Amino acid sequence: MKDTVQLQIFKDFDGYSPKYHFFKNSLFGQIKDSIPWNELAGCLPAENTGPGAPRWFDAKGMFGMMFLKAYLNVSDRQLIERFNTDYSLQMFCGKLLAEDKQIRDYTLMTGIRAYIEDHCEWEQVQSVLLNHWKKDVNNSHVLLMDATCYESYIRFPTDVKLLWECCEWVFEKQLFRLCKILKTKRPRSKYREQKIKQLIYFRKRRNTHKETLRRRKSLVYLLEKGIEQLQQIMDMFRGECMRPEDFACLRTIKKILVQQTFLLTHKPSELKDRIVSLHKPYVRPIVRGKENKPVEFGMKVHMLQVDGLSFIDKMSFRNFNECKRLKISVVKHKTVFKGTTQLGADRIYATNENRRYCTENSIFTCFPKKGPKNHSKAEKILSSEISKQRATVTEGIFGTHKNHYGLRKIKVRGEKREKLMVLFATMAANAVKIAKKRNRVEPAPKEKAA
């Protein structure tokens, strides 16, 4: 009885429970205080209070779950399971669960991502956060920039694998299924014979160029015939028993067939917008030219950084030349901060056009000097320091995002959803930096000796 009374007295002390004080003094609480929740909630429409089951989270809670997803670097199921048992995560999202309640819908994060995707743009969310954090930036006149690729979670693409995946979808997942449902006879095909040959091809440790070419020609012929047979059944029964997703996938397979037929007689460099994944048709090969990984399959991102604070200039699944983004990046930096007087970038940005632009706008760069004149001693020191910051801080943040914020291999499907994952991972890393910077205790000034 005494323990109950003491707990109740302590719980009512200062109007809050002990858990709330523990949360406020933890890193989670400091991260929450660094995020402008009301401004973020304004990016989404007002909550619908009409008929239907109530939502688990409001706008603030949805953004909170997206931040937690990136910060904890766990799967959707693991996030829901931890949310049910961790009061700090519940306080972070502003949703304290009752003792006898828990979230059983493990597809909740999919719905949250879809809702944010439909009603919000990533540029709008980033602008709200940067305008709130810019007062914590010290050296806002120094702008660093670089590009990287965040890879999508797909198997390494080859023409044989892609063609066989399309054949499996057309025959086993659609043609045979529809014939069974509609009780019609299967059309004749060489699918079973080709399946045996495909298994033999996959089991070989190495295949010659002639064997691979022969396999590709056989699969192109098989896929063309399978699409024709599937189209006949669809025309006969007016597309019954097929979902909208199936029609979208069939359009992608038809485009893959056209591309693979073209590649049989032409060089791969002559083909534009090459599809490398059936279930992620928006992914394109990004040629990076690195020694250990010359080609990456995912999203290319041009990242800007000011005093350790990262923000995104451009995200695209198609390759682009980042050196042409220098002028636009300087203008974007000026809209948020005061302006750029020092710029750090690697040598790919050091074009004559960019050099002229920086000279006209009185921007000091770390580019190598052209002509007979050399840098002065002070300019050499400043250029070396800017280059060091770009090579360590900017390059290091890419590794931090990939190793600790879930961007090693992006598993969600959808072009816009992958961009949201990159955005919230970048903003979560920024929120941690801002929280630690605000929590840093400055040393007290020493008293002067008499």
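The values are calculated or read from the model by the stated rules, or taken from the named source; none is laboratory data. Only a predicted model underlies this, so the values are computations on that prediction, with no experimental measurement involved. All Cβ positions, glycine included, derive from the backbone under ideal geometry; neighbour counts span all protein chains shown. We work out accessible area using only protein heavy atoms, side chains counted, and drop any ligands, DNA or RNA first. Shrake-Rupley method; radii C 1.70, N 1.55, O 1.52, S 1.80 Å.
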> So which residues in segment 232-247 are surrounded by fewer than 14 Cβ atoms within 10 Å (Cβ to Cβ), modelled with pLDDT of 85 or more and more than 35 Å from the chain's Cα centre (by Cα), if there are any at all?
Replying inline: GLN232
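From the list LYS95, LYS69, which residue is of a type in the set (D, E, K, R), buried (at least 17 other Cβ atoms within 10 Å of the Cβ) and modelled with pLDDT under 90?
Only one candidate qualifies: LYS95.
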>> Given the criteria open to solvent by less than 60 Å² (accessible area, probe 1.4 Å) and in contact with a Pro (Cβ under 8 Å, 6 or more places away or on another chain), does VAL142 qualify?
In response: no
>> Looking at segment 356-380 only, could you name the residues that are at pLDDT 85 or above, in a helix (DSSP H, G or I), surrounded by 11 or more Cβ atoms within 10 Å (Cβ to Cβ) and not hydroxyl-bearing (Ser, Thr, Tyr)?
In response: CYS358
> Within the set of pairs 6 or more residues apart or between chains, which connect a residue that is closer than 16 Å to ASP235 by Cα inside segment 178-203 to a residue that is polar (S, T, N, Q) and part of a helix (DSSP H, G or I) with Cβ atoms less than 6 Å apart?
Replying inline: PRO187/GLN229
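Matching residues to (1) among the hydrophobic types (A, V, I, L, M, F, W, C); (2) closer than 17 Å to LEU304 by Cβ:
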| site | (1), (2) |
| --- | --- |
| ARG347 | no, no |
| ILE363 | yes, yes |
| LYS388 | no, no |
| VAL393 | yes, yes |
| LYS411 | no, no |
| GLU418 | no, no |
| ASN430 | no, yes |
| LYS437 | no, no |
> Name the residues in segment 98-139 that are of a type in the set (D, E, K, R) and open to solvent by 20 Å² or more (accessible area, probe 1.4 Å), would you?
Replying inline: GLU99, ASP100, LYS101, ARG104, ASP105, GLU117, ASP118, GLU121, GLU123, LYS134, LYS135, ASP136
> Going by the structure shown, is VAL160 farther than 30 Å from SER384 by Cβ and under 24 Å from the mean Cα position of the chain (by Cα)?
Replying inline: no
> Hey, which of the helices (runs of 4 or more DSSP H) in segment 151-223, taking only ones fully inside, have at least 2 residues that are surrounded by fewer than 14 Cβ atoms within 10 Å (Cβ to Cβ)?
Replying inline: 176-182, 191-203
> Which numbered condition trips up ASN430, out of (1) open to solvent by less than 60 Å² (accessible area, probe 1.4 Å); (2) more than 17 Å from the chain's Cα centre (by Cα); (3) not charged (D, E, K, R)?
Replying inline: (2)
> What helices (runs of 4 or more DSSP H) lie completely within segment 62-143 and have 3 or more residues being touching a Phe, Trp or Tyr at 6+ places or on another chain (Cβ under 7 Å)?
Replying inline: 76-85, 87-93
>> The conditions are (1) more than 24 Å from MET299 (Cβ to Cβ); (2) among the small types (Gly, Ala, Ser); (3) at pLDDT 90 or above, and ALA425 fails exactly one of them. Which is it?
In response: (1)
>> With the structure loaded, tell me whether THR400 is closer than 17 Å to CYS149 by Cβ, of a type in the set (Ser, Thr, Tyr), under 24 Å from the mean Cα position of the chain (by Cα) and open to solvent by 40 Å² or more (accessible area, probe 1.4 Å) or whether it fails that test.
In response: yes
>> Condition first: surrounded by 19 or more Cβ atoms within 10 Å (Cβ to Cβ) and modelled with pLDDT under 90. Can you find one or more residues in segment 267-278 that meet it?
In response: no
> Going through segment 258-272 one residue at a time, which ones are in a loop (DSSP other than H, G, I, E, B) and without any contact (Cβ under 8 Å) to a residue 40 or more places away in the chain?
Replying inline: THR265, HIS266, LYS267, LEU271, LYS272
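Conditions tested, residue by residue: (1) assigned to a helix (DSSP H, G or I); (2) at pLDDT below 90; (3) closer than 30 Å to GLU121 by Cβ.
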position: LYS388; (1), (2), (3): yes, yes, no
position: VAL393; (1), (2), (3): yes, yes, yes
position: LEU420; (1), (2), (3): yes, no, yes
position: ALA429; (1), (2), (3): yes, no, yes
position: LYS437; (1), (2), (3): yes, yes, yes
